[in-house]
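Visitor: The structure under discussion is supplied below as structure tokens; questions concerning it will follow.
The values are calculated or read from the model by the stated rules, or taken from the named source; none is laboratory data. None of these values were measured; they are calculated from a predicted model. Quick reminder, even Gly has a Cβ in these numbers, built from the backbone with ideal geometry, and neighbours come from all protein chains shown.
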Amino acid sequence: MFSYRHAFHAGNHADVLKHTTLIAVLRYLMQKEASIQYVDTHAGAGLYRLDGDYAEKSGEASEGILKVIQAKQALTSPIVLDYLEMVNSFNSTDKTRVYPGSPFIIHQLLRHDSRDRLKLYELHPTDHKALVGNVAQLEAGRAIQIKSEDGFEALKALLPPPLSSSGSRRACVLMDPSYELKSDYARVLDSVQDSLKRFATGTYLVWYPVIPRTEAHDLPRKLKLLCQPIKKPWLNATFAIGRATEGDDNGLSASGMLVVNPPHTLKGQLQAALPELEQILGRGPGQGFLVESGG
Ligand code: SAM
């Protein structure tokens with residue numbers, strides 16, 4: 001069984017990039033009336049304690065969301081401010097104790113007139129149980145469905161999404177594996193390829209680690225190549241906090257988000273957000289960001 005537990009990493013710099021991007025994409029999609037089917041293929045536990053054993057042991061949030069909160073006064077990027085407000089909405093004003101994972105972020109933005117649907121997949125038995133318990137508090141009814149199934153496999157049956165009352169089909173998929181298994185890289189690629197065949201106009205968000213491993217390096221390149229012949233627009237953003245001290249190669253220091261069929265507004269939003277995040281979270285050699293698009 002997997003040993004990865006997102007509770008150790010919740011609110012780190014990778015979550016800051018991932019969740020800022022996710023919220024910006026969702027806000028854009030929700031400007032149109034028609035209903036949307038959201039799929040979170042790798043959901044995690046949904047909600048995390050930043051003052052719990054896991055987070056305190058790793059201290060990763062203190063190099064991520066907690067630093068962003070401290071720097072609030074200096075922030076001007078609307079999408080980072082929006083992300084911060086989202087996290088704050090789960091906390092009282094004095095201390096940030098709770099961090100919302102992607103299921104809770106998406107749920108917060110769902111239109112609660114039973115228009116939108118959210119499908120969550122989580123394979124780890126402990127995190128699945130925690131997710132079920134956390135989501136139960138939301139009393140979301142039919143709007144949220146949770147399954148202890150392989151998210152890549154399950155996605156096949158969900159695309160194309162059902163017709164909305166206005167006769168359109170809309171879907172947004174977040175693929176956020178832990179890449180604990182080397183096979184995850186190839187599975188993401190296959191899954192995006194298959195999904196685009198089933199539903200070419202869906203918005204697909206893929207998070208990936210930037211690490212010195214061939215598969216990790218190749219994934220964004222292969223995703224871009226996949227989009228080229230079928231003329232699908234893509235956006236790729238990477239964000240690196242660099243090394244705190246020379247020779248410190250412990251832990252993840254950079255990650256990326258590749259979005260297929262991104263909102264046209266996303267590039268400008270990230271180009272404004274990432275310099276601010278670098279200013280706040282950058283630690284030294286290797287820090288920086290990239291925003292590129294094509295298709
Ligand atoms: N998306 C979450 C968020 O942003 O809050 C974090 C997800 S975490 C990076 C990845 C999760 O995927 C882990 O909880 C892991 O147990 C789960 N997982 C791993 N392989 C899976 C699979 N094939 N299908 C569904 N879940 C899987």
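Visitor: Go through ARG187, ARG169 for me and flag whichever is of a type in the set (Lys, Arg) and under 25 Å from LYS32 (Cα atoms).
Guide: Answer to the check: ARG169.
Visitor: Still on this structure, I have one more. For region 245-278, name all the residues that are polar (S, T, N, Q), surrounded by fewer than 18 Cβ atoms within 10 Å (Cβ to Cβ) and touching a residue at least 40 places away in the same chain (Cβ under 8 Å).
Guide: THR265
Visitor: Under the condition of being surrounded by 22 or more Cβ atoms within 10 Å (Cβ to Cβ) and within 12 Å of the ligand (Cβ to nearest atom), which residue from region 144-161 is farthest from GLU180 (Cα to Cα)?
Guide: Among residues in region 144-161 that are surrounded by 22 or more Cβ atoms within 10 Å (Cβ to Cβ) and within 12 Å of the ligand (Cβ to nearest atom), the one farthest from GLU180 (Cα to Cα) is LEU155.
Visitor: Is it fair to say LYS18 is at negative phi and free of Cβ contacts under 8 Å to residues at least 60 places away in the same chain?
Guide: No.
A quick yes/no check of all residues on (1) more than 9 Å from the ligand (Cβ to nearest atom); (2) part of a helix (DSSP H, G or I); (3) among the acidic types (Asp, Glu); (4) in contact with a Lys or Arg (Cβ under 9 Å, 6 or more places away or on another chain):
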residue	(1), (2), (3), (4)
GLY11	yes, no, no, no
LEU17	yes, yes, no, no
LEU22	no, yes, no, no
VAL25	yes, yes, no, no
SER35	yes, no, no, yes
TYR38	yes, no, no, yes
ASP51	yes, no, yes, yes
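Visitor: Which residue pairs have Cβ atoms closer than 6 Å, lie 6 or more positions apart in sequence or on different chains, and pair a first residue in region 66-83 that is among the small types (Gly, Ala, Ser) with a second residue that is surrounded by 16 or more Cβ atoms within 10 Å (Cβ to Cβ)?
Guide: Final answer for the pair search is ALA71/ILE280; SER77/ALA273; SER77/GLU276.
Visitor: How many of the residues in region 53-67 are touching a Gly at 6+ places or on another chain (Cβ under 9 Å) and within 16 Å of the ligand (Cβ to nearest atom)?
Guide: Adding up the residues that qualify gives 6.
Visitor: Determine whether LYS72 is of a type outside the set (Phe, Trp, Tyr) and under 20 Å from HIS264 (Cα atoms).
Guide: Answer is no for this residue.
Visitor: For region 147-159, name all the residues that are touching a residue at least 60 places away in the same chain (Cβ under 8 Å) and more than 12 Å from TYR38 (Cα to Cα).
Guide: Passing the criteria: GLY151, PHE152, ALA154.
Visitor: Out of all the residues in region 86-126, which are more than 16 Å from the ligand (Cβ to nearest atom), under 20 Å from LEU159 (Cα atoms) and basic (Lys, Arg)?
Guide: ARG115, ARG117
Visitor: Additional query: Given the criterion within 13 Å of the ligand (Cβ to nearest atom), over 15 Å from the mean Cα position of the chain (by Cα) and not aliphatic (A, V, I, L, M), identify the matching residue among TYR185, TYR208.
Guide: On inspection, the qualifying residue turns out to be TYR185.
Visitor: Let me ask something else. Looking only at region 216-269, count every residue that is part of a strand (DSSP E or B) and within 18 Å of VAL25 (Cβ to Cβ) and tell me the total.
Guide: 12
Visitor: Let me ask something else about it. Taking THR41, is it within 14 Å of the chain's Cα centre (by Cα) and either modelled with pLDDT of 95 or more or not aromatic (Phe, Trp, Tyr) (or both)?
Guide: yes
Visitor: Moving on to the next point. What pairs come out if I take residues in region 170-182 that are touching a residue at least 60 places away in the same chain (Cβ under 8 Å) and assigned to a strand (DSSP E or B) and pair them with residues that are within 12 Å of the ligand (Cβ to nearest atom) and of a type in the set (S, T, N, Q) whose C-beta lies under 8 Å away, six or more apart or interchain?
Guide: Cβ pairs passing all conditions: VAL173/THR41; LEU174/THR41; LEU174/SER102; MET175/THR41; MET175/SER191.
Visitor: Give me a count of the residues in region 113-143 that are without any contact (Cβ under 8 Å) to a residue 60 or more places away in the chain and either surrounded by fewer than 20 Cβ atoms within 10 Å (Cβ to Cβ) or small (Gly, Ala, Ser) (or both).
Guide: Matching residues across region 113-143 total 13.
Visitor: Can you tell which of ILE106, ILE36 is farther than 19 Å from LEU258 by Cβ, surrounded by 24 or more Cβ atoms within 10 Å (Cβ to Cβ), at pLDDT 95 or above and out of contact with any Gly (no Cβ under 7 Å at 6 or more places or on another chain)?
Guide: It is ILE36.
Visitor: What number of residues within region 40-60 are among the hydrophobic types (A, V, I, L, M, F, W, C) and over 11 Å from VAL98 (Cβ atoms)?
Guide: Looking only at that region, the number is 2.
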